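Undergrad: Before we start, here is the structure in question, set down as structure tokens.
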Amino acid sequence: MDCIFCKILAGEIPCSKVYEDTLFIAFLDINPVHKGHILVVPKRHFVNMLDTPDLEAEAIYKVTRDLSKALIEATGCDGVNLVQNNNAAAGQEVFHSHLHIIPRYENDGLKFASVKKEYDSIEEMNDMAERIKASL
């Protein structure tokens, strides 16, 4: 398999592991936004969150919470961003489901929303909400 995360899980590629349990491994990103940037990766291969089963989808939140607390304590960062890119259009580069925990600092200059879109009206916004609800 060509998946870099599967190779890390198989021990073929080293990583700086910070956490592991039966469902997940978490390690430092080799191209961090800030030092301490963590990737939380399911041990089973799923392309992204959209095809991740309930077991891992539900459990990842607790693991991420605990790692976020540890990251804040270890680095002294002021907060964290939780980022998950799903599909190429959203910036996904490694097609094995994973979640980024990015340490953030006051005035670090990082901005995630460089362009903001607005609804033309409250009716347009309500229509979008109804379309999403109908798709659940």
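Undergrad: Among the residues of region 2-16, what is the count of those that are part of a helix (DSSP H, G or I) and either of a type in the set (Lys, Arg) or modelled with pLDDT under 95 (or both)?
TA: 1
Undergrad: Here is a list: LEU55, LEU136. Which entry is closer than 20 Å to ILE25 by Cβ, free of Cβ contacts under 8 Å to residues at least 60 places away in the same chain and of a type outside the set (Phe, Trp, Tyr)?
TA: LEU55
Undergrad: Could you go through region 67-86 and let me know if any residue there is within 18 Å of THR22 (Cβ to Cβ) and either more than 12 Å from the chain's Cα centre (by Cα) or surrounded by 11 or more Cβ atoms within 10 Å (Cβ to Cβ) (or both).
TA: Checked region 67-86: at least one residue is within 18 Å of THR22 (Cβ to Cβ) and either more than 12 Å from the chain's Cα centre (by Cα) or surrounded by 11 or more Cβ atoms within 10 Å (Cβ to Cβ) (or both).
Undergrad: Taking only pairs six or more apart or across chains, which ones have beta-carbon atoms under 7 Å, a first residue in region 98-124 that is more than 26 Å from VAL47 (Cα to Cα) and among the aliphatic types (A, V, I, L, M), and a second residue that is modelled with pLDDT of 90 or more and part of a loop (DSSP other than H, G, I, E, B)?
TA: The qualifying pairs are LEU110/VAL33.
Undergrad: While we're here: Specify the residue that is surrounded by the fewest Cβ atoms within 10 Å (Cβ to Cβ); the eligible residues are those in region 1-20 that are touching a residue at least 40 places away in the same chain (Cβ under 8 Å) and closer than 27 Å to ASP78 by Cα. Outline the logic, then answer.
TA: First, the residues of region 1-20 that are touching a residue at least 40 places away in the same chain (Cβ under 8 Å): 1, 3-6, 18-19.
Add one more test, that the residue is closer than 27 Å to ASP78 by Cα, and what stays is 18-19.
Values: VAL18: 18, TYR19: 14.
Once the filter is applied, the top-ranked residue is TYR19.
Undergrad: Now, a different point. Give me the residue from region 17-30 that is more than 13 Å from the chain's Cα centre (by Cα) and either among the acidic types (Asp, Glu) or at pLDDT below 95 (or both) and, out of that set, nearest to ALA70 (Cα to Cα).
TA: Restricting to residues being more than 13 Å from the chain's Cα centre (by Cα) and either among the acidic types (Asp, Glu) or at pLDDT below 95 (or both), the top hit is GLU20.
Undergrad: Quick test for you: out of PHE46, PHE27, PHE95, pick the one residue that is surrounded by 12 or more Cβ atoms within 10 Å (Cβ to Cβ), aromatic (Phe, Trp, Tyr) and in contact with a strand residue (DSSP E or B) (Cβ under 6 Å, 6 or more places away or on another chain).
TA: That would be PHE27, the only listed residue that is surrounded by 12 or more Cβ atoms within 10 Å (Cβ to Cβ), aromatic (Phe, Trp, Tyr) and in contact with a strand residue (DSSP E or B) (Cβ under 6 Å, 6 or more places away or on another chain).
Undergrad: Follow-up. Looking only at region 34-55, count how many residues are assigned to a helix (DSSP H, G or I) and charged (D, E, K, R).
TA: 2
Undergrad: With GLU130, GLU58 as the choices, which residue is over 25 Å from THR22 (Cβ atoms), assigned to a helix (DSSP H, G or I) and modelled with pLDDT of 95 or more?
TA: Just a single option satisfies the conditions, and that option is GLU130.
The values are calculated or read from the model by the stated rules, or taken from the named source; none is laboratory data. Since the structure is predicted, the reported quantities are computational estimates derived from the model, not experimental observations. Positions of Cβ are backbone-derived with ideal geometry, glycine not excepted, and every protein chain shown enters the neighbour counts.
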